[in-house]
Amino acid sequence: MEEKNIVLSAKDVVVKFHVRDRVLTAIRKVSLDLYDGETLAIVGESGSGKSVFTKTFTGMLESNGWVDNGEIMFEGKNLLENKKNRDWEKVRGAKIATIFQDPMSSLNPIKTIGSQITEVVMKHQGKTKAEAKEIAIDMMDRVGIPNAADRFDEYPFQYSGGMRQRIVIAIALACRPKILICDEPTTALDVTIQAQILKLIKDLQKEYGFTTVFITHDLGVVANMADRVAVMYGGQIIEYGTVEDIFYNPKHPYTWALLSSLPQIGVKGEELYSIAGTPPSLFNEIKGDAFAPRNPHAMKIDFEEEPPFFQISPTHYAKTWLLDPRAPKIEPPHEIKVLHQRMVEMTSKGGAFYVE
Amino acid sequence: MKRYVLERIIRSLFSIFCVVTIAMFLVYSQIDRNNVFKEDQAVLKLKGQPDAYLNYRYSVWETLGYLDYMTQRDACTLEYDVNSKEFTSCLEIGSPEAAALGEQYKAKGYSVEPTPESGALWFTRDYTLVERIVRFYSGLINIDNPYAVQDANNPDLERKIYFGNDLAGKPALKCSGCEHKYLIYFNSDFPFIHQNIVTFDLGTSYPAYKNQAVTDVMSLRQGSAVKETVTFETGLTLDTSILDHTCTYKEVLDQLDSNKFVDNYANCLTNMAEDSMMSVSIKMGLMAVAIGYGLGIPVGMLMARRKGKLADKLGQAYIVIMISIPSLAYISFFRYLGTQYMGLPGKYPELGGADWRSWVLPVISLALPQIAGLMMWTRRYMVDQSSSDYVKFARAKGLSESEIFSRHILKNAIIPIAQGIPGSIIGCINGAIITESLYAVSGMGKLLPNSIKGFNNSMVIALTFFFTFLSVFSLLLGDLLVTVIDPRISLATSKKGGRK
């Protein structure tokens, strides 16, 4: 990144939930900067807090959750000072838009496609119905709906899954948001449609210059779309850096484990690597490194003290004691060493993850 | 769409047919036919006269559609010209003509026997189930026409349809030669324009409402007669309770009739003070339905929006109470409150239907459980919808909670509720048995249970047919209503099979 204009900056965010009379800490002191126009991918296993963390940007936590600590600076304001829904409504959709994984259910089944686009334009930009319709049809055109004007009054059930996700993207981008959060946007789509949707997001990003946050399990998507990657585990970001940093030179043992368990890099006939053990219970206070109990390379200190972030390069940071100068030198597993080569193969033309 | 509706109607008619057939089988074949006299006092008086006893019972069974019954005279009248010598001879007991008739009918499957006293022959044959069904449906719809009346004593009866005025001077479409004098007429009762062209014959009631048409029992006004000053076409002015619109053809006029009427349409019904059973039930039911939907849906919406808060909890408590306490108990309770503290009448007839206070307690009693039901379902559907993905996305779009509720959730939640609206409106006709009996309202509610208890067989069949008809078609209307609201549902059937 040559110019680093920070659009959004989260600091020490702590999110807690009330679950059956107990308090669960879903996000533990996460800090993250989002840069203008970049694409950040947040990866991690289920329950690592990827979605919860991004929900704090738009105040969309479930009703039993709350932000316990921290600040999220956006356009010179701490978003967490928004107390009323009305304040959040000015951010949601207008400045920070979110799209969810299932396009089949993201649209109201009994409202016309058109009205679902225009309502957001009318709400945030104060346009009249006619103006909003023009914007909506233009937006539908841009996301690749043929005969947009004719299809304006159709209902979601008349659209295919991929088309619906295009409409969801059109709605999300109708008000030219600064940030687009894509919460597993392609999980529910089949592979060919996935590629089309990803390309669409990429193209629109080039055109409008918004920042994209990708939440995904799919490291293929990451390799293709992202400029930077943040790896989350147990409610924390444990490593972040550029795509090259993460794929070429991962440092955290969890990142190694995560990358090793990619089905796409498994060798046919060999058993696929899986991470032993289970993620930590977020109900209890976590001492030391959250990954330590599952980490074959864990050291004594991993169970006692939480590691700080160590800088590996100006763009690459990891939160593991292995980077401490006193730690023994541990080589990453063999799969990781060849991973970069394999990813290059897969994302270049003809590869499984290739997106134009 | 048209094709689908047509198919649905045919299927609906078929299901009605099945229900009525089963009911007929049960009522006519499985229940001892002597039971019909259980509630009849007249039959007891005839016990000492075997012939009259036999004649009475078989006539009643014939009216109720059990069998075909003929006396010797009936059979002779059918066979011979009334003025012929053979006819006179046929009437004699033991005559060769009568014996021949006996043989003839025996061959047709009739049982022919001499009566215990006089020895005159009587003929009877049970209808089969199929015959009963055919008779029920073939007589069901009557279409009045100028050739409907065939009166041998009145060969010069004019046959025409013409415009004229009724006795009150309002315009009407009248007829000579039809069964009814007035085919289309206007009055102040809803729906203001009425017709006698198509009438339904659902059978004759017995032993309750003896010999009245079932349709009349349901739809005629009740109570004491109401008199009005009327000037007849003969110029006679009288205080009378005659309803001129109901006049039908009468073959033999007496002097009183001739004073009033210029023609043979002298069989008129009397105007009564109280609404008919059907009309009372409909009015009461509609008011309750209006209150039920008017309160139940908004309160249910409120509960959904304030889920888990005080308003929701209070509403839930109300729903649980209404569902768990037997209706007899809470209706009695509200009746007690109303009569003790608000001075409302505890029985409908105390003040009669003309006084609004008579309606308050029954309507509230009917509305309370409906409100609870609608609150429950509205809340439930809205809560269901509010956890759906499109609501999450609508929130991410920056819509406010009230915008999400009114623009997105409400319509989705209303769809399943709308389906039941025609049913609850039309269902009012069926009446409400507990409320009506507790407040002594003379509505439709008690009609079916009383008919079953009183072995009023034709009434049971008629009501089975009528209520089945109403419920089957209100379902159809509900489905049609949903297609209007829900764009996803189209009733088009494509020839390839499957829905478009």
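The values are calculated or read from the model by the stated rules, or taken from the named source; none is laboratory data. For clarity, every value in this text was computed on a predicted model and none was experimentally measured. Using ideal geometry, Cβ is built from the backbone for each residue, glycine included, and neighbour counts are taken over all protein chains shown. The area values use the complete protein model at the heavy-atom level, side chains included, leaving out ligands, DNA and RNA. Shrake-Rupley method; radii C 1.70, N 1.55, O 1.52, S 1.80 Å.
In chain A, Cα pairs under 8 Å separated by at least six residues give a relative contact order of 18 percent. Relative to the longest principal axis of the Cα atoms of chain B, helix B:50-63 runs at roughly 40 degrees.
3J(HN,Hα) along segment A:123-129: 5, 8, 10, x, 7, 7, 4 Hz, from the Karplus curve 6.51 cos²θ - 1.76 cosθ + 1.60 with θ = phi - 60°, whole Hz, x for Gly and Pro.
For the peptide A:328-337, the mean number of other protein chain Cβ atoms found within 10 angstrom of a residue's Cβ is 0.
Remark on segment A:70-97: accessible area falls by at least 30 square angstrom from chain-alone to full-complex state for A:GLU89, A:ARG92, probe 1.4 angstrom. Of all lysines in the structure, those lying under 30 Å Cα to Cα from B:LYS38, and not within fewer than 8 positions of it along the same chain, are B:LYS47, B:LYS210, B:LYS347, B:LYS446, B:LYS453. The alpha carbon centroids of segment B:22-63 and segment A:167-194 are separated by 78 Å. Carbon-plus-sulfur accessible fraction, segment B:277-445 (probe radius 1.4 Å, protein heavy atoms only): 67%. Put simply, the amide H of B:PHE232, placed in the peptide plane, has neighbours under 5 Å in B:THR237, B:LEU238, leaving out anything fewer than 5 places away on its chain.
Taking the 0 to 90 degree range and rounding to the nearest ten, how far is the long axis of helix A:161-173 tilted relative to the main principal axis of chain A, both from C-alpha atoms? It is inclined by approximately 90 degrees.
For A:GLN236, nonlocal amide neighbours, meaning residues 5 or more places apart or on other chains whose placed amide H falls under 5 Å from its own, are A:ARG28.
Segment A:269-341 and segment A:64-134 have Cα centres separated by 37 Å. Taken over the C-alpha atoms, chain B has Rg and Dmax values of 29.0, 100 angstrom. Segment B:392-450 and segment B:171-215 have their alpha-carbon centroids 33 Å apart. Relative to the dominant Cα principal axis of chain B, helix B:457-485 is inclined by about 30°.
Along segment A:272-283 the Karplus relation, 6.51 cos²θ - 1.76 cosθ + 1.60 evaluated at θ = phi - 60°, assigns HN-Hα couplings of 6, 5, 9, 7, 6, x, 10, x, x, 6, 7, 6 Hz to successive residues, with x for each Gly and Pro. Accessible surface calculations at 1.4 Å, restricted to protein heavy atoms, place segment A:225-327 at 48 Å² per residue. With protein chains left intact and a 1.4 Å probe, residues in chain B average 51 Å² of accessible area per residue. When A:ASP138, B:ASP40 are compared by accessible area at a 1.4 angstrom probe, the order from most to least is A:ASP138, B:ASP40. Among the listed pairs A:LYS29/A:LYS50; A:LYS29/A:LYS90; A:LYS178/B:LYS397; A:LYS16/A:LYS55; A:LYS83/B:LYS309, which are separated by more than 24 Å between their Cα atoms? As for pairs spanning more than 24 Å Cα to Cα, those are A:LYS29/A:LYS90. The loop-placed chymotrypsin sites (Phe, Trp or Tyr not before Pro) in segment B:117-171, going by DSSP, that have at most 13 neighbouring Cβ atoms within 10 Å of their Cβ come out as B:TYR147.
Under 5 Å from the amide H of B:THR204 lie the amide H atoms of B:VAL214, each residue being 5 or more positions distant or on a separate chain, with H modelled from the backbone and absent for Pro and chain starts.
Only protein atoms count toward the accessible area here, which uses a 1.4 Å probe; on segment A:1-82, the carbon and sulfur part of that area reaches 44 percent. Sites listed here are trypsin sites (Lys or Arg not before Pro) in segment A:1-101 whose DSSP assignment is loop and whose Cβ has at most 11 other Cβ atoms within 10 Å: A:LYS4, A:ARG20, A:LYS83, A:LYS84. When accessible surface is computed with a 1.4 Å probe, chains B and A are found to bury approximately 2100 Å² between them, both chains counted. Sparse packing (at most 10 other Cβ atoms within 10 Å of the Cβ) combined with a DSSP loop state is found for the following trypsin sites (Lys or Arg not before Pro) in segment B:25-63: B:LYS47. Counted without the sites themselves, the longest stretch of chain B free of GluC sites (Glu not before Pro) in a DSSP loop having at most 15 other beta carbon atoms within 10 Å is B:252-500. Within the accessible area of segment B:33-135, the carbon and sulfur atoms contribute 53%, probe 1.4 Å, all protein chains present. For segment B:198-211, backbone phi angles converted through the Karplus equation (6.51, -1.76, 1.60; θ = phi - 60°) give residue-by-residue couplings of 9, 10, 10, 10, 9, x, 10, 7, 6, x, 6, 6, 3, 6 Hz, Gly and Pro being listed as x.
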